[in-house]
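The values are calculated or read from the model by the stated rules, or taken from the named source; none is laboratory data. Just so it is clear, the model here is predicted, and its values are computed rather than measured. Quick reminder, even Gly has a Cβ in these numbers, built from the backbone with ideal geometry, and neighbours come from all protein chains shown.
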C-alpha cells in the first residue's frame, strides 16, 4: 500500500474483512504516523521508500495507492515500473495530461489499473442505472444533484495535504468526484457546463472551493419512436459547510414516465419513487460506502486471482473523463473573491522520494 493517511488506514481495515482472500504485506509512507495504527495491522512492515521495499525482498500482487491526489501519477508510475497492477483512490489525478501519460503506459505494457469509484457499487444507484438504461423513466427531462457535507478544522489540519492546491486540487476532486463519476456513468457525459464557485466558510483554512453550483446538459434518452430526445437539463449544488456534520447527498430524476429521488448521506435510500409499471421501489441494502468499497475490492480480487472480467471496475480511460471534466470546470468557473483560480498557488509540494 502506498500512503497511510486516513484513506490508507480505512482500506487496511477493510482488507481484514475479506476473509483472508487478500493480505496487506507492506506499507510505503515516509510521513506515516505509526501511533495511529490499529492493533490488527501493527505487524505489517513499514517502508520509507519503494527502494527500501524492493530491496527488502517483500513482494505483492497489487499496489493500493492512497496518497494525496497530486501524488497519484508519480506513485502509479512506480507500480508501472514494476509491472504491478494498481488500484488508486479517487480521483485518478488532477490533470488530464497526467492521466494521458498513465493510460499510455498502462496500455503499452498491459498493466491493469483501476480507480476506487465505490459509488458504482451502491445498489440504489445501480437500480437507477437499470431504470435509465431500460428506458423505464422515459425521456429524461431534469437531473438535480445536491451534496451537503461538512469539512472542518480537524480535516484541514496545518501541514496536511487537504486544502493544498496541487495535492488536493479542489472539493470536486477530493469529496465529490465519485458523485460526478456516478452521474456520468448513469446518464452520460456532461455538456454545456457552467459553474459558480465560492469559499464562504473555509477561507481561514484553504483557498479552494467549499461550495458551488453547476449547470449542465446530458443525454435525455430516447423518444417512443426511438429517436434521440432533447438533452436533459442538469444542476449540481455542493458544499462542505453543512453545520455540525455531513447532511445529505441526493439525486432527483424527472422523466416522462417516472420520477425518482435518491437521498441519504451516501445516496443509498429512495426518498421518492413513482415509475410507470412499478408499484414500489425494490428493497435494497442501504449500507454505506465501506460496503461499496468491499464489493469493489472483491471484484478486483476476482479479476486478479480468477481471471474474471473487470466489469464494474473503473479503468483509467473512464477515470480520465472525470478528471478532464472537473479540470475544465475549475479552469472556466466564475469564482468568488475568497476562491483561488485552479492550481495557481505559489508553493507546490512535490511527491516524496518513495
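Among the criteria (1) over 24 Å from residue 289 (Cα atoms); (2) modelled with pLDDT of 90 or more; (3) crowded, with 21+ Cβ neighbours inside 10 Å, the one residue 86 does not fulfil is (1). Only one of the numbered conditions (1) surrounded by 13 or more Cβ atoms within 10 Å (Cβ to Cβ); (2) in contact with a helix residue (DSSP H, G or I) (Cβ under 7 Å, 6 or more places away or on another chain); (3) assigned to a loop (DSSP other than H, G, I, E, B) is not met by residue 61, and that is (1). So which residues in region 107-121 are part of a helix (DSSP H, G or I) and within 18 Å of residue 314 (Cβ to Cβ), if there are any at all? Within region 107-121, 107, 118, 119, 120, 121 qualify. Can you confirm whether region 285-300 contains a residue that is at pLDDT 95 or above and assigned to a loop (DSSP other than H, G, I, E, B)? No, region 285-300 contains no residue that is at pLDDT 95 or above and assigned to a loop (DSSP other than H, G, I, E, B).
Return yes or no: is residue 18 under 22 Å from the mean Cα position of the chain (by Cα) and farther than 28 Å from residue 155 by Cα? Yes: the conditions hold for residue 18. With the requirement that a residue be over 14 Å from residue 172 (Cα atoms) and not in a loop (DSSP other than H, G, I, E, B), what does region 242-252 give you? Hits for region 242-252 are 248, 250, 251, 252. Which of the residues spanning region 159-173 are at negative phi and surrounded by fewer than 23 Cβ atoms within 10 Å (Cβ to Cβ)? 160, 161, 162, 164, 165, 166, 167, 168, listed by residue number.
Residue-by-condition table, conditions (1) closer than 21 Å to residue 150 by Cβ; (2) part of a strand (DSSP E or B); (3) under 17 Å from the mean Cα position of the chain (by Cα); (4) not assigned by TED's automatic domain parsing to the domain that holds residue 141:
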position	(1), (2), (3), (4)
164	yes, no, no, no
169	yes, no, yes, no
186	no, no, yes, no
192	no, yes, no, no
197	yes, yes, no, no
206	yes, no, no, no
220	no, no, no, no
225	no, no, no, no
236	yes, yes, yes, no
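Across region 276-290, the qualifying residues are those that are farther than 17 Å from residue 263 by Cα and in contact (Cβ under 8 Å) with a residue 40 or more places away in the chain, and the one among them that is surrounded by the fewest Cβ atoms within 10 Å (Cβ to Cβ) is 277.
Of all the residues in region 122-137, those that are buried (at least 20 other Cβ atoms within 10 Å of the Cβ), touching a strand residue (DSSP E or B) at 6+ places or on another chain (Cβ under 7 Å) and not in a helix (DSSP H, G or I) number 1.
Of the residues in region 156-169, not one is within 21 Å of residue 119 (Cα to Cα) and touching a strand residue (DSSP E or B) at 6+ places or on another chain (Cβ under 7 Å). Only one of the numbered conditions (1) on the phi > 0 side of the Ramachandran plot; (2) without any contact (Cβ under 8 Å) to a residue 60 or more places away in the chain; (3) in contact with a strand residue (DSSP E or B) (Cβ under 8 Å, 6 or more places away or on another chain) is violated by residue 263, and that is (1).
It is to be established whether one or more residues within region 309-322 are under 23 Å from residue 240 (Cα atoms), part of a strand (DSSP E or B) and at pLDDT 95 or above. No, every residue in region 309-322 fails to be under 23 Å from residue 240 (Cα atoms), part of a strand (DSSP E or B) and at pLDDT 95 or above. Within the bounds of region 104-111, is there any residue that is under 25 Å from residue 167 (Cβ atoms), in contact with a strand residue (DSSP E or B) (Cβ under 6 Å, 6 or more places away or on another chain), buried (at least 23 other Cβ atoms within 10 Å of the Cβ) and touching a residue at least 60 places away in the same chain (Cβ under 8 Å)? So far as region 104-111 goes, no, none of its residues is under 25 Å from residue 167 (Cβ atoms), in contact with a strand residue (DSSP E or B) (Cβ under 6 Å, 6 or more places away or on another chain), buried (at least 23 other Cβ atoms within 10 Å of the Cβ) and touching a residue at least 60 places away in the same chain (Cβ under 8 Å). In the set (1) in a loop (DSSP other than H, G, I, E, B); (2) surrounded by 22 or more Cβ atoms within 10 Å (Cβ to Cβ), residue 147 fails one condition alone, (1).
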